[in-house]
Each structure stands twice: as structure tokens, then as C-alpha cells.
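Just so it is clear, none of the values below were taken in a lab; they were calculated from the coordinates. Remember, it's a predicted structure, so these values are computed and weren't measured experimentally. When we count neighbours, we look across all protein chains shown, and the Cβ atoms used for this are built from the backbone with ideal geometry, even at glycine.
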Amino acid sequence: MPIIDAKPFHYDFSFDHVALVCIDMQRDFCQPGGFAESLGDNIKNLQPCIPVIGKLQEAFRKAELPIIHTKECHKPDLSDLPTAKRNRGNPKLKIGDKGPMGRILIDGEPGSDFIPECAPAQWELVISKPGKDTFYNTEFDDYMKLRKITHLVITGVTTEVCVQTTMRCANDRGYDCVLVEDGTDSYFPEFKAMTLKALVAQGGIVGWTCKSDALLELLAKEQPGQVSSATSFAA
Ligand code: TIU
């Protein structure tokens, strides 16, 4: 059973039951002219995690392990967008308004698409989610159960919003989650730091955190083909 260094103590999992989850690595959150800037957020603070997530994706693909990508977005007719969410934060451009990258946070628009550094491979599952929680109004949980995935390696943005919400909701459903410390970022570095602490407090009340190197070193030792989940996952 693979074991990695983690907080508050080591994290172990089986290659047959683990997946990498990449949360909302979208242009609207990471690039100029998107949802983040319409809320006045500093997108510079999200840049450090981007190459780290890219490396993890490469390593999981090489080991033929599953990767699931989420994107926060809404239907073009806004039927899945609560008015409260549209108005929240009094943004310059609201969700659904036309911005430099198309309509803000609308599925199919350039802004809601993934940044190229963290884009899904053609065969990888993409979950479009209308909320911060990846389980809310999506097929994520059904898919994980079907594939017998019990352990989630979580990455993405932003740490204390969609990432933390998803990790807490996964924990309540019985998943063992490890959040990659350098594979997540917030517009507010102090919120990231506090979230990483809060998740692992009380003996890992919500789960674990680890550094990407711990996973990358482990996966570098694995030969593709040793990992039996790969073929069944793709089937
Ligand atoms: N605003 C903010 O920090 N985050 C979001 O709105 N969504 C995600 O975290 N993906």
C-alpha cells in the first residue's frame, strides 16, 4: 500500500481507488478579464499552483491513474444560477454578462474553459458544476462510486472556496482526501494558510495535506501497467 508524508500524519491509499481531482482551473479564475477580475481579485496569487498541477496531471496520466476536472459554470439561459449568486459581491460584470473572454462563467464560453497548462486530456472526465461544492447538482459522486474511488488527491482554486467546500463535502461522504499544499492557491494567501491548518486540525478532522513532491516521487517509482485501475477506468 503506497504511503506518503502528509499532515497531520502519513496518508495511505491504493492505486486502484485513488483519483486526482483538479478544481476549476479555468480562465475565468486565473486569467485577466474573467470572473475573478470582475470581483476585484488579484489573479497573480493563483499563478504558483498552475505548473504544480500540470506536473501532477502529467504524473497521474503516465501512471494511467484517473484525473477528474471540474469547472464552475452555468447554463447559457442562467436557469441554474440563483439570483443571490448572480448579485453576490456586486461585481463589475455579473455571471452571464459579456466580458473580454465571452459571457462570464457560462459553460461553452472561452472564459469558462480550462487554462491550457491544466487542460483535460480528451478521455478525462469533466464535471460542470453550478456551485462551489463539486457534489451539488452533478454526477461526481455517482461516478466515483461506480469507479470505486475512495481516495481523492485534491488540487485547484481557490483554496478556501471551491477547494475547501468540495473537500469538506467529500469528507462527509466518506472519502479520504489529501489536499496538495502547493497545488492550490487563493486570491488571499492568508486564507490559504489558515485553510490548510484548519483542514488537518483535530487529528485531520477534514483530511490530510501533503506536498506535491511526496506524490511525484512516489509516482516516479511506479511503472505504468503496475496500476491495475487504469484499464478498468478507461473502459
Ligand atoms: N471567488 C473565489 O474565490 N472562488 C470562486 O468563486 N470559485 C472557486 O473557488 N472555484
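Key figures for this structure:
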{"quantity": "Sites matching GluC sites (Glu not before Pro) across the range 86-166 that sit in DSSP coil, with at most 15 neighbouring C-beta atoms within 10 Å", "calculated": "Glu139"}
{"quantity": "Cα gyration tensor shape for the range 97-192, rounded if a/c is under 1.5, else prolate or oblate", "calculated": "oblate"}
{"quantity": "Likely footprinting exposure, Cys49, Cys30, Cys169, fewest C-beta neighbours within 10 Å first", "calculated": "Cys169, Cys30, Cys49"}
{"quantity": "Projected label distance in nm at Glu190 and Thr138, using a 7 Å step from Cα toward the beta-carbon", "calculated": "3.0"}
{"quantity": "Sequence of Ser212, Ser112, Ser14, Ser79 once ranked by neighbouring C-beta atoms within 10 Å, starting from the fewest", "calculated": "Ser79, Ser14, Ser212, Ser112"}
{"quantity": "Computed [θ] at 222 nm, helices only, for the chain once each DSSP H run of length n ≥ 4 contributes -39500 (n - 2.57)", "calculated": "-8500 deg cm²/dmol"}
{"quantity": "Inter-label distance for Arg173 and Lys197, nm, one decimal - labels placed 7 Å from Cα along Cα-to-Cβ", "calculated": "3.0"}
{"quantity": "Helix 189-204 vs. the chain, principal-axis angle (Cα, 0 to 90°, nearest 10)", "calculated": "40"}
{"quantity": "Residue-by-residue Karplus 3J(HN,Hα) for the range 30-41, coefficients 6.51, -1.76, 1.60, Hz, glycine and proline x", "calculated": "10, 10, x, x, x, 4, 4, 5, 5, 8, x, 7"}
{"quantity": "Radius of gyration, Dmax [the range 3-220; alpha carbons; angstrom]", "calculated": "16.5, 47"}
{"quantity": "Built amide H within the under 5 Å cut-off of Gln26, gap 5+", "calculated": "Ile115"}
{"quantity": "Cβ-derived FRET efficiency at R0 35 Å, Lys44 paired with Asp107, nearest 0.05", "calculated": "0.85"}
{"quantity": "Across Lys71/Lys211; Lys7/Lys132; Lys94/Lys132; Lys75/Lys129; Lys71/Lys132; Lys7/Lys44, pairs whose alpha-carbon gap is larger than 19 Å", "calculated": "Lys71/Lys211; Lys7/Lys132; Lys7/Lys44"}
{"quantity": "Potential extension, Ala220-Ile3 segment - 0.36 nm per residue separation minus Cα distance", "calculated": "76.7 nm"}
{"quantity": "Separation in nanometres of the label points that stand 7 Å from Cα toward Cβ, at Lys98 and Gln122", "calculated": "3.3"}
{"quantity": "At R0 = 22 Å, FRET efficiency that the Cβ-Cβ distance of Asp12 and Lys148 yields, to 0.05", "calculated": "0.85"}
{"quantity": "The range 33-103 versus the range 132-211: alpha-carbon centroid distance in Å", "calculated": "16"}
